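Notes follow the structure.
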Amino acid sequence: TAVMTPTTNNSTSPSATMPATVPPTKRTPNDFIFGKVIGEGSFSTVYLTKDIHTQKEFAIKVCEKHYIIREKKTEYVKREKDILFYLSNTPFIVRLYYTFQDAERLYFVLSYAKNGELLPHINKVGSFDVECTKFYSGEILVALEYLHNMNVIHRDLKPENILLDENMHIMITDFGSAKMFKPPIDRNRARNGAGAGMNGCNDDDDDDEPRRRKNSFVGTAQYVSPELLTDKPVTPSSDLWAFGCIIYQMISGLPPFRSRSEYLMFQKITKLEYEFPSGFCDKARDLVEKLLVLDSEKRIGAKDSVRYTSIRSHPFYEDLDFDTLQQQTPPPIY
Ligand SMILES: NC(=O)c1nn(CC2CCNCC2)c2c1CCc1cnc(N=C3C=CCC=C3)nc1-2
């Protein structure tokens, strides 16, 4: 049954005249009004909620303990929580404020992205113009720079996991497949301990993740890199592959690798079978061709000593100021 706390009666919900109550330190579900379901996973449900003390909106991810234990996913849930806390206050990444639990459930209190997923915004207009593609792919690239310099690989980057806040800036979410990677020690990398080249991680426990069982995927696999499909070490460059697929989709309206059958789609990915529609922006095409490279170490950015200078300096981004994107007003989507 859905976790629905009783709507607060008037005595507790602050009215216009009565000042908001002081939020308690330790939260319980009764501190929130649970609204619509905004997401569902194999053992979690995400709700739009309102904090009764501050009236602030949050997304609360509710995980059923008995299911997590029965399916042996405790390590998986703990890893996602640790990565989300580690990434807190990282620009363009959804924020985990705090967690709490009761007898049956775990609760993750996360920032709420009022404008939902990027995908419906692309579908609504068919495809983005070059200005929108530059801006939004630019914000995704900056998010990937932060993630990868903090040694985190997302591994499931796709338009459904790129959310838009109330000001239409991105927030990347769903770190359920994310992994920490150990960068090799490399004196050439100038920035804060960022790893050299791409050092993969190929943890044994990958196989039991709910999202990815051997040779089959839960959810869409259109953005999955060839190395992930062929059990090669997954590296930050795997997120660059997905980044290339997303740029292609922003400009053309569809992902590059499409097929009714998952097997045929995997074939197309591992054989690099995709085409550009006529009229595809030439500079964007050149960038996508440099990202959708089967050898993960040959993708543009893969060997940057400072991430991702070679992508930032690509002609497609010639007039984009990456360092002030968060302060810029996003271009209209039409
Ligand atoms: N799995 C999660 O952690 C999660 N799932 N969602 C909703 C999913 C919907 C399908 N695509 C992936 C995301 C969220 C979060 C975190 C935090 C989070 C914050 N805001 C929203 N906002 C939405 C608003 C409208 C429609 C969908 C999501 N959603 C989430």
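Tabulated results
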read-out: Test result for L147, under 29 Å from V62 (Cβ atoms) and surrounded by 15 or more Cβ atoms within 10 Å (Cβ to Cβ); value: yes
read-out: Residue pairs meeting the criteria (Cβ under 8 Å; at least 6 apart or on separate chains; first on the phi < 0 side of the Ramachandran plot, in the range 296-309; second loosely packed, with under 14 Cβ neighbours inside 10 Å); value: K303/E297; S305/N188; S305/A190; V306/A190; V306/R191; R307/R191
read-out: Selected residue (only one of T90, T49 is in contact with a Gly (Cβ under 7 Å, 6 or more places away or on another chain), outside any helix (DSSP H, G or I) and at pLDDT 95 or above); value: T49
read-out: Residue match in the range 315-334 (condition: under 19 Å from L119 (Cβ atoms), surrounded by fewer than 15 Cβ atoms within 10 Å (Cβ to Cβ) and at pLDDT 95 or above); value: yes
read-out: Check on V293, crowded, with 16+ Cβ neighbours inside 10 Å, in a loop (DSSP other than H, G, I, E, B), under 22 Å from the mean Cα position of the chain (by Cα) and modelled with pLDDT of 95 or more; value: yes
read-out: Condition check for Y146: more than 14 Å from the ligand (Cβ to nearest atom) and closer than 29 Å to S237 by Cβ; value: yes
read-out: Per-region count, the range 154-180, residues basic (K, R) and within 12 Å of the ligand (Cβ to nearest atom); value: 1
read-out: Qualifying residues in the range 241-288 (those that are polar (S, T, N, Q) and outside any helix (DSSP H, G or I)) - the one nearest to L320 (Cα to Cα); value: S278
read-out: Filtered residues of the range 98-121 (kept if more than 8 Å from the ligand (Cβ to nearest atom), closer than 22 Å to L87 by Cβ and part of a strand (DSSP E or B)); value: Y98, T99, F100, Q101, L106, Y107, V109
read-out: Boolean, K73 is in contact with a Gly (Cβ under 9 Å, 6 or more places away or on another chain) and surrounded by 15 or more Cβ atoms within 10 Å (Cβ to Cβ); value: no
read-out: Test: V77 is touching a residue at least 12 places away in the same chain (Cβ under 8 Å) and part of a helix (DSSP H, G or I); value: yes
read-out: Lone qualifier among P14, P23 - being at pLDDT below 95 and either more than 17 Å from V109 (Cβ to Cβ) or within 16 Å of the ligand (Cβ to nearest atom) (or both); value: P14
read-out: Residues of the range 225-258 classified as closer than 18 Å to K290 by Cα and surrounded by fewer than 21 Cβ atoms within 10 Å (Cβ to Cβ), total; value: 2
read-out: Residue check, K73 within 16 Å of the ligand (Cβ to nearest atom), farther than 20 Å from E160 by Cβ and modelled with pLDDT under 95; value: yes
read-out: Any hit, the range 112-123, residues being over 23 Å from G35 (Cα atoms), surrounded by fewer than 20 Cβ atoms within 10 Å (Cβ to Cβ), polar (S, T, N, Q) and at pLDDT 95 or above; value: yes
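Let's see how each residue does on (1) buried (at least 17 other Cβ atoms within 10 Å of the Cβ); (2) basic (K, R); (3) within 13 Å of the ligand (Cβ to nearest atom):
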site	(1), (2), (3)
I38	yes, no, yes
T45	yes, no, yes
A59	yes, no, yes
K65	no, yes, no
E80	yes, no, yes
Y86	no, no, no
L96	yes, no, yes
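The values are calculated or read from the model by the stated rules, or taken from the named source; none is laboratory data. Since the structure is predicted, the reported quantities are computational estimates derived from the model, not experimental observations. Here the Cβ is made from the backbone with ideal geometry for all residues, glycine too, and neighbour counts use every protein chain on show.
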